[in-house]
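The values are calculated or read from the model by the stated rules, or taken from the named source; none is laboratory data. Remember, it's a predicted structure, so these values are computed and weren't measured experimentally. Cβ atoms come from the backbone with ideal geometry, glycine included; neighbour counts cover every protein chain shown. For the accessible areas, the whole protein counts, side chains as well, though only heavy atoms, and no ligand, DNA or RNA atoms are used. Shrake-Rupley method; radii C 1.70, N 1.55, O 1.52, S 1.80 Å.
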Amino acid sequence: MKISTINPFDLQKNIENLKIWLKILITLFSFLFLQNLNAQETIDVKFFKQKFYDVLYLNTDVLYVESSINVKASSILKDSIFVKPKASLHYIDIKSPSAWFKFKLENTDIEDVVVSFVFPKVDSTYLFQLIDKQALLVSSLAGNQVYNDTVSIGETKEYLLNLRSLNNVLGKQGVSIYTDKSLQRLRYRQGEKVFNVVIINSLFIGAFIILFFYHFFLYVQNRKRIYIPYFMYILTLAVYFFVKHPLFMMYYATDEVLASNFFAFNIVIQPFIYIFYAQFTRVFWQTNEKFKSIDTLLRIIIIVSIVLVAIYLILIGLNHPVLLQIHDIYRIILIGLSIYILIYFSRHFTKETSYYIFGAGCYLFFSFMAFADSKFDLTDYRNLFMHIGAILEILFFAFGLGYKMKKIEVEKIKNQNELIEQYAENDQLQLALEEELKKQLSISQKENQMMEIESRLLRSRMNPHFLFNTMNALKNHIYKNKTTEASNYLDQLSMLLRRVLEYSGEKKISLKQELDLVENYLKLEQQRMDGNFEFQFLIPEDLDLGYIKLPPMILQPFVENSIWHGVRYLESRNGIIKIIVNEKDDSIEILIDDNGVGREIAKSIQAKNKTKPKSLATELT
């Protein structure tokens with residue numbers, strides 16, 4: 001298979017190569033992680049210095065369930081067959097009053113390691129150390145107790161653990177092992193000093209909630225769809241950090257089943273965080289128009305995340321540890337893709353996009369700090385790094401949203417002002433032209449020439465209200481990114497204006513030209529009113545429209561009246577406007593018929609709306 005190098009600044013040309021690399025990464029991580037599901041019976045204690053591990057799902061052939069609580073350890077070792085549990089995240093459901101666990105600990109570290117066995121809440125716990133295939137009792141405890149042991153450098157110890165319940169089955173149980181240092185950290189977090197961390201965590205979560213409600217109300221007021229993925233992203237982050245809040249963790253930490261349920265919930269909610277993050281990125285950057293390949297990648301992330309939620313729920317129901325391996329692969333791939341997308345977007349750095357780039361960069365940086373802290377056990381404040389990164393990202397995104405909304409509003413006001421100024425300038429020029437023409441007319445020519453002037457005024461005026469509405473309709477298409485509709489609408493409008501300009505210098509045009517102009521005008525109004533009316537031309541086939549002459553723009557005012565005083569007010573049915581041409585003797589009859597509400601009802605509606613339209617075009621005609 002031939003794979004060419006991917007240029008991080010040219011994703012459009014190399015998207016296929018990127019998909020191939022993703023497949024290779026998934027295969028590689030699947031091999032590395034999924035092959036470890038059947039781990040060796042021996043556990044190296046150096047691998048859990050920073051956190052506890054559940055013995056049950058790290059080893060094979062470790063569990064033996066016995067219905068009697070009086071069986072001796074020697075009998076268990078001699079006659080019993082230990083099997084692998086079906087699987088567990090943190091616990092296993094034992095439907096028996098007694099259970100035995102067998103496992104080994106070894107130390108390949110450069111120093112002795114003190115391990116702490118944290119036993120579950122049962123009536124009795126017996127821990128044996130196996131020496132020369134003999135079981136030596138080293139601990140006999142009741143209830144939720146801790147036993148400490150030291151594993152020296154290069155030493156391997158084998159253990160046999162027995163859990164007993166005197167009155168009932170054991171139920172859901174788990175066995176956790178800590179190093180001495182990690183157990184101290186757990187106790188530290190559960191002690192008085194935890195309140196310093198609690199206050200900080202509470203402040204951050206409070207900030208998340210405030211930002212969520214603030215942008216939710218902004219969406220309610222403005223109905224801008226960009227706010228939806230943003231405030232949902234904040235909400236899922238707040239829930240994620242709340243479940244990890246120290247006080248909340250202290251509440252469920254001592255309950256193995258409850259802890260496992262919240263652990264599973266915290267894994268399930270993470271794909272939702274990435275779903276809303278990816279959708280916000282799509283809307284903020286308008287990737288479906290500007291960055292097609294990135295948009296495809298983000299769509300894939302959203303679809304995969306949705307599918308993973310379903311897979312996670314199934315694996316949680318089966319209590320299967322493969323969930324952790326899949327989730328690790330998912331997070332590593334997403335981190336790589338996030339860095340890739342951020343580098344790609346950095347090419348298009350502007351003041352507006354800088355907020356997104358800085359915000360995403362802060363989150364990635366502090367996420368790496370938290371990972372390094374967890375990896376090298378530097379501090380107890382790795383969650384604080386995640387909080388700082390998340391809050392900085394959210395704040396930068398909020399600034400970016402505010403700047404984007406302000407830019408759109410300023411542009412909108414600017415366009416409106418320019419349109420108003422243009423209308424005012426046109427009116428002034430029109431009045432000046434009218435006055436100048438009136439002055440130049442002699443008294444003997446005034447009557448005939450005034451008729452021609454009024455006809456030209458009629459053709460040039462084209463109803464400012466109509467032009468204002470068409471400009472607004474065009475602007476609405478542009479703001480909604482309906483480029484196809486905007487283009488078609490602009491074509492129709494330019495065709496109409498071109499014909500008006502062409503005919504303005506003519507005293508008479510053919511009836512065919514006049515009807516074509518009326519049809520052009522009707523299509524514009526029909527598109528602007530979302531197809532709320534239809535129109536028909538009823539013309540005899542033998543009538544020569546090119547031979548018949550009439551003054552230009554003489555029909556348009558009457559068609560306009562049919563729209564604005566007739567079909568416009570219809571609610572229960574669609575409007576129909578008919579232009580009927582008949583030949584009568586030596587004359588041509590043109591009828592404009594509509595099924596509107598009628599003049600009287602239209603007048604009453606206009607009276608209620610306090611509008612008094614002046615039909616100047618009709619008066620001039």
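Condition first: closer than 24 Å to Pro97 by Cβ, assigned to a strand (DSSP E or B), touching a residue at least 40 places away in the same chain (Cβ under 8 Å) and open to solvent by 20 Å² or more (accessible area, probe 1.4 Å). Can you find one or more residues in segment 143-159 that meet it?
No, every residue in segment 143-159 fails to be closer than 24 Å to Pro97 by Cβ, assigned to a strand (DSSP E or B), touching a residue at least 40 places away in the same chain (Cβ under 8 Å) and open to solvent by 20 Å² or more (accessible area, probe 1.4 Å).
Which pairs do you get when a residue that is surrounded by 12 or more Cβ atoms within 10 Å (Cβ to Cβ), found in segment 65-76, comes within reach of a residue that is modelled with pLDDT under 75, reach meaning Cβ atoms under 8 angstrom, with the pair 6+ apart or on two chains?
From residues that are surrounded by 12 or more Cβ atoms within 10 Å (Cβ to Cβ), the pairs are Ile76/Tyr64; Ile76/Glu66.
Can you name every residue in segment 119-138 that is part of a strand (DSSP E or B) and surrounded by fewer than 18 Cβ atoms within 10 Å (Cβ to Cβ)?
Ser124, Gln129, Leu130, Ile131, Gln134, Leu136, Leu137, Val138, listed by residue number.
When you look at Thr296, is it within 12 Å of the chain's Cα centre (by Cα), in a helix (DSSP H, G or I) and hydroxyl-bearing (Ser, Thr, Tyr), yes or no?
no
Among the residues that make up segment 373-385, is at least one of them at pLDDT 85 or above, assigned to a helix (DSSP H, G or I) and open to solvent by 30 Å² or more (accessible area, probe 1.4 Å)?
No, segment 373-385 has no match at all.
Identify the residue in segment 401-429 that is of a type in the set (S, T, N, Q) and without any contact (Cβ under 8 Å) to a residue 60 or more places away in the chain and, among all such residues, is nearest to Lys224 (Cα to Cα).
Ranking the candidates gives Gln416 first.
Do we have any residue at all in segment 415-431 that's of a type in the set (Ser, Thr, Tyr), surrounded by 11 or more Cβ atoms within 10 Å (Cβ to Cβ) and under 25 Å from Ile205 (Cα atoms)?
Looking through segment 415-431, none of the residues is of a type in the set (Ser, Thr, Tyr), surrounded by 11 or more Cβ atoms within 10 Å (Cβ to Cβ) and under 25 Å from Ile205 (Cα atoms).
Of the residues Ala432, Ala398, which is touching a residue at least 60 places away in the same chain (Cβ under 8 Å) and over 23 Å from Lys480 (Cβ atoms)?
The unique qualifying residue is Ala398.
Do we find a residue being among the β-branched types (Val, Ile, Thr) and surrounded by fewer than 18 Cβ atoms within 10 Å (Cβ to Cβ) anywhere in segment 557-575?
Checking segment 557-575: not a single residue is among the β-branched types (Val, Ile, Thr) and surrounded by fewer than 18 Cβ atoms within 10 Å (Cβ to Cβ).
Give Ile314, Ile301, Ile339 a once-over and let me know the one that is in a helix (DSSP H, G or I) and modelled with pLDDT of 90 or more.
Just a single option satisfies the conditions, and that option is Ile301.
Yes or no, residue by residue, for (1) of a type outside the set (Ser, Thr, Tyr); (2) exposed (fewer than 15 other Cβ atoms within 10 Å of the Cβ); (3) modelled with pLDDT of 85 or more:
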site	(1), (2), (3)
Leu166	yes, yes, no
Lys181	yes, yes, no
Val198	yes, no, no
Phe216	yes, no, yes
Ile228	yes, no, yes
Ile234	yes, no, yes
Thr254	no, yes, no
Leu258	yes, yes, no
Gln270	yes, no, yes
